[in-house]
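Take a look at the structure set out below.
Values quoted throughout were computed directly from the atomic coordinates according to the rules given, and no laboratory measurement underlies them. Keep in mind the model is a prediction, meaning the values are calculated, not measured. Every residue, glycine as well, gets a Cβ built from its backbone with ideal geometry; the counts of neighbours run over all protein chains shown.
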Amino acid sequence: MGQTWAMPFGRDPAFADRYRRGERNALEQVYRAHVDEVGMVLRRGFLLTGQGGRRVPGVDVDDLRDVVQEVFTRAFADKARASFDPRRPYAPYVVQIAKNLLIDLARKSGRRELLRAEPHDDDVIADIDEPDVDAQRRLDITKALVAQLTEPLKTLYALRYVEGRSQVDVAAAMQLTRKKVRLLEQELRDQLRAKLKERGLSDEEAA
């Protein structure tokens, strides 16, 4: 199935140094591990939390490639690489950049009705470098759920969200079809959404 594009931040401390230096191979691994998820967020858009179902729209297919590249250009900028904490999961980090970019594009296109009109509309999506209490609560809930997972969901979580592998790589590693991996991933997300709703957090925040 070809080379495995895992995210070795946790397994290989030296990888973080290579990433911070901007070495091409390290950046390529990060890109390949997360480009599918970033593309999905950019295509679908997302709901603003606490906004009564208002949605930030995704981008047109014709523009998708350019916008994906812009997300990774921001993620791979010198300052962003230097400030990234390798102990943090990378997927939520780069997805947050994608969401922030979609908000910027919605504002520039004049689609402000989709965003908060109040003075603090920058708070709709927390800045990626600022502490987020709800994000910490979601992380704690996620950790508790993961501790209770049984196979094959536990292996799926480790490969997909800890190592950051693509669905194709996970399917190969688990000897499953990609369709089966998608179904398992949806089951995992559904369980997390249910846990978040139990604790009073929006189910959209689980995505």
Given 0.36 nm per residue, what is the gain on full extension from Lys108 to Asp85 after removing their alpha carbon distance, in nm?
-> 5.2 nm
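Taking the highest mean first, how do the peptides 192-198, 154-160 order by number of other beta carbon atoms within 10 angstrom per residue? Each step should come with its number before you reach the end.
Details: 192-198: 15.7, 154-160: 18.9.
Result, highest mean Cβ count within 10 Å first: 154-160, 192-198.
Of Glu187, Glu37, how do they rank once you tally other Cβ atoms within 10 Å and put the fewest first? Don't jump to the answer; show the numbers that get you there.
On the way: Glu187 13, Glu37 19.
So the ranking, lowest neighbour count to highest, is Glu187, Glu37.
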